[in-house]
Amino acid sequence: MKQMTGAELIVRLLERQGVRTVAGIPGGAILPLYDALSGSTLIHHVLARHEQGAGFMAQGMARVSGVPAVCFASSGPGATNLVTAIADARLDSIPMVAITGQVPLSMIGTDAFQEVDIYGMTVPITKHNFLVRSVDELLEVIPAAFRIAMSGRPGPVLVDVPKDVQNQIVACEDFPPPATPDAPPALDMAAIAEAARLINEAEQPVLYLGGGVIHSGAAQQAVTLAEQAGLPTTMTLMALGAMPVDHPLSIGMLGMHAARHTNFVLEEADLLVCVGARFDDRAIGKAAQFCPKAKIVHIDVDPSELHKIRQAHVAINGDVARVLEALLPRVEVSLRKRWLSRVESLKSRFPVPWANQDDPRTHYGLVQAVAAALDDEAVIATDVGQHQMWVAQAYPFRRPRQWLTSGGLGTMGFGVPAAMGAALAERDRTVVCFSGDGSLMMNVQELATLAEEWLNVKIVLMNNNSLGLVYQQQNLFYGKRVFASKYRGAPDFVKIAEGFGIPAVDLDTAANPRGTLAQALHTPGPCLIHVSIDREQFVYPMVPPGAANTEMIGG
Amino acid sequence: MIEQVAEPLQQSGFAKVILEIDVNNHPGVMSHICNLFARRAFNVEGILCMPVSDGKRSRIWLLVFEDQRLEQMVRQLEKLQDVLAVRRHSAGHEVFERLEDFFH
Ligand SMILES: Cc1ncc(C[n+]2csc(CCOP(=O)(O)OP(=O)(O)O)c2C)c(N)n1
């Protein structure tokens with residue numbers, strides 16, 4: 001018979017689950033758990049400077065590894081500070097387990113010091129959540145949290161543990177086994193056969209890959225399907241890397257900031273094979289006018305995504321990797337010469353504006369120069385804004401999990417802590433975070449954590465001294481009434497980094513910017529690379545609000 | 001960031017539907033379910049919940065207006081970890097009718 005406190009039990013169960021890094025910040029209601037964690041020789045605790053940073057570090061770990069990652073926060077403000085990172089994980093389907101301290105059971109509901117109903121608050125932004133009311137429940141709840149986070153469509157799970165539950169003694173014969181994912185849904189062979197028939201009969205099919213392809217590890221199967229059936233392939237923001245951009249069948253990212261030819265190819269499609277994507281409004285524009293001539297095959301592990309935005313002709317609920325494997329032997333080999341040459345002609349008629357830009361002090365040139373200095377093993381994270389879209393458009397992504405970005409929630413401040421999480425999970429990789437001067441300020445405090453952990457994270461700061469994407473919107477759609485989007489002050493980011501103990505270089509003043517950039521990227525450890533970017537550079541092409549995807553402006 | 005331009009929400013119809021939902025019985029379940037409907041501005045006309053068998057489970061009866069989004073709502077409901085089964089009945093089902101005596 002084993003006897004221990006609830007807090008010790010949580011730590012043992014995390015260790016047994018394979019958790020080796022936890023990011024968090026302690027506080028009164030979670031001190032028993034921190035006390036127990038101090039005795040762990042297996043788990044490395046990363047002391048964030050803000051709980052949102054801890055949440056995004058956990059996300060970064062989960063995004064590069066695909067395995068649920070853990071963050072800790074105390075009750076009250078600690079827990080509410082986690083909320084944005086949890087919501088972000090929910091919208092991008094990231095497996096994460098957040099453990100929060102709570103006031104003792106008997107004080108719940110009394111407005112006790114640092115009491116908030118984090119359980120109630122996180123109902124709509126978690127995949128599931130728990131308020132643990134007795135220490136025995138932990139034996140079930142902790143494995144269940146991991147199982148739920150990683151099964152089917154992944155997502156965040158919150159476990160709120162009152163302080164007295166952490167201190168209660170629990171006795172058990174054996175620890176519960178570490179969680180494993182639930183079995184995927186059974187294969188719907190009839191629907192798979194029907195999908196194969198539609199693919200074989202189509203004249204102008206397009207493959208549309210979403211983040212589900214990354215989550216389910218189905219990139220290889222998706223590329224094989226494209227090659228076998230001659231399918232031009234587009235990816236959502238979340239799926240970048242599923243097919244290498246320079247693959248002859250890739251037509252790049254679709255949607256609001258897609259290349260023109262991508263949206264035109266989609267317009268002509270007579271069959272759309274949607275795999276692990278969800279017809280998000282940023283990707284498809286006006287729903288009714290998206291792929292107006294196409295029949296739709298929709299494959300997703302989440303049944304509630306099927307028929308949600310567009311009625312599918314064939315809807316297949318299942319793990320996309322397994323469904324694609326079952327589909328492949330039924331799909332005929334096709335060269336599809338006529339359609340692919342049509343796609344090629346659209347490609348050459350509408351060349352992308354980011355090709356062959358090589359001045360590293362311009363937005364696209366900088367993205368290209370970073371890519372040229374690195375290989376495909378590097379991880380690329382971004383914050384949110386114009387810089388994010390420029391990287392999505394111009395960086396040559398070539399492998400799944402190479403790309404970490406806040407897609408669904410679009411959270412400024414995501415970049416630095418997420419990049420740190422990636423570096424914590426995979427210490428051998430170089431992790432680059434493209435950021436904007438607005439976004440960087442939203443979690444700038446984590447530079448202190450970065451210096452402490454001395455992670456291999458390079459922050460490429462594209463500084464236009466403004467909230468660039470807002471500035472762009474106001475210029476294009478609000479009669480140039482620029483308001484609250486230009487900064488009046490101009491902090492010295494090089495000094496800020498150095499003040500935190502992080503080396504920094506400024507490409508603005510570098511004699512040889514390309515060489516300085518490469519050297520900064522190749523020196524192990526953290527670094528901030530500062531580049532001024534012209535504020536008048538906008539993200540193009542662009543689908544204006546409310547328009548169909550073919551009504552792009554610019555570019 | 002950029003405002004979404006969407007079609008206005010469709011009005012719900014007048015036909016009523018009854019949903020019978022088997023759930024795990026613990027204090028958070030109702031909030032998970034009600035949240036789902038409230039978020040989508042789906043008016044729940046009637047709600048009834050009692051534990052069944054050994055008290056480990058409850059059954060929730062919901063009276064809602066038929067709406068083109070109902071199909072999707074049911075799929076979302078089925079996704080909740082504590083929801084074990086969802087069954088649909090037409091408005092003719094007697095569960096709410098028998099209760100009407102208490103609402104005069
Ligand atoms: C937390 C948060 N607040 C506000 C926004 C709205 N927003 C989207 S992009 C943007 C500007 C981003 O500025 P910056 O990080 O400097 O990037 P840039 O667009 O200049 O490249 C803002 C305010 C957001 N996405 N996230």
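The values are calculated or read from the model by the stated rules, or taken from the named source; none is laboratory data. Computed from a predicted model, the values in this text were never measured in an experiment. Cβ placement follows ideal geometry from the backbone for every residue including glycine, while neighbour counts extend to all protein chains displayed. Heavy atoms of the whole protein, side chains included, go into the accessibility calculation; ligands, DNA and RNA do not. Shrake-Rupley method; radii C 1.70, N 1.55, O 1.52, S 1.80 Å.
Surface composition of region B:15-89: carbon and sulfur atoms hold 51% of the protein heavy-atom accessible area at a 1.4 Å probe.
Within region A:200-318, the proportion of C-alpha pairs whose separation exceeds 23 Å stands at 18%. Select from region A:287-304 all residues whose loss of accessible area on going from the chain by itself to the full protein assembly reaches 50 Å² or more (probe 1.4 Å). Output list: A:Ser304. For region B:49-90, a reduction of at least 30 Å² in accessible area between the chain on its own and the assembled protein chains (probe 1.4 Å) is found at B:Gln72, B:Arg75, B:Lys79, B:Gln81.
A:Arg49 sits among other residues whose Cβ lies under 15 Å from its own Cβ, and their net charge, with Lys and Arg +1 and Asp and Glu -1, is -4. Using 27 Å as the Cα-Cα cut-off, could you pick out the over-long pairs in A:Lys286/A:Lys347; A:Lys127/A:Lys458; A:Lys127/A:Lys293? Violating the 27 Å limit, Cα to Cα: A:Lys127/A:Lys458; A:Lys127/A:Lys293.
Of the accessible area of region A:363-532, computed with a 1.4 Å probe over protein heavy atoms only, carbon and sulfur atoms account for 54 percent.
Extension gain for A:Asp375-A:Ser65 works out to 109.7 nm (0.36 nm per residue, less the C-alpha to C-alpha distance).
Rounded, prolate or oblate: pick one for region A:2-172, where a ≥ b ≥ c are the square roots of the eigenvalues of its C-alpha gyration tensor, a/c under 1.5 means rounded, and failing that, prolate if a/b is larger than b/c, else oblate.
On the way: a/c = 1.40, a/b = 1.15, b/c = 1.22.
Rounded shape, in that the Cα axes give a/c under 1.5.
Per the Kirkwood formula applied to alpha carbons, the protein assembly as shown shows a radius of gyration over Rh ratio, Rg over Rh, of 0.98.
Pairwise over distinct Cα atoms, reciprocal of the mean inverse distance: report the Kirkwood radius of region B:16-103 in Å, one decimal place.
Values: mean 1/r = 0.0752 Å⁻¹.
It works out to 13.3 Å.
Using a 1.4 Å probe on protein heavy atoms only, how many Å² of accessible area do A and B hide from each other, summed over both chains and rounded to 100?
On the way: alone 20740 and 7560 Å², together 26480 Å².
Buried area between the two chains comes out at roughly 1800 Å².
How large a share of the accessible area of region A:189-349, in percent, is made up of carbon and sulfur atoms when the probe is 1.4 Å and the other protein chains stay in place?
Numbers: 2960 of 5590 Å².
Using a 1.4 Å probe with all protein chains present, region A:189-349 comes out at 53 percent carbon and sulfur.
Sorting the segments B:87-100, A:298-311, A:495-508, A:455-468 by their residues' average number of neighbouring beta-carbon atoms within 10 angstrom, most packed first, yields A:455-468, A:298-311, A:495-508, B:87-100. Of all DSSP-defined beta bridges confined to chain A, some 10% are antiparallel rather than parallel.
Taking the chain by itself as reference, region A:253-283 contains these residues with an accessible-area loss of 20 Å² or more in the full protein complex (1.4 Å probe, heavy atoms): A:Asp281, A:Arg282.
Skip the ligands, DNA and RNA, and give the accessible area per residue of the protein assembly as shown with a 1.4 Å probe, whole Å². Working shown, then result.
Working: 26480 Å² over 659 residues.
The answer is 40 Å² per residue.
Quick check on region A:29-79: take the gyration tensor over C-alpha atoms, sort the square-rooted eigenvalues as a ≥ b ≥ c, and tell me if it's rounded (a/c under 1.5), prolate or oblate. Oblate shape, in that a/c is at least 1.5 and b/c is the bigger or equal ratio.
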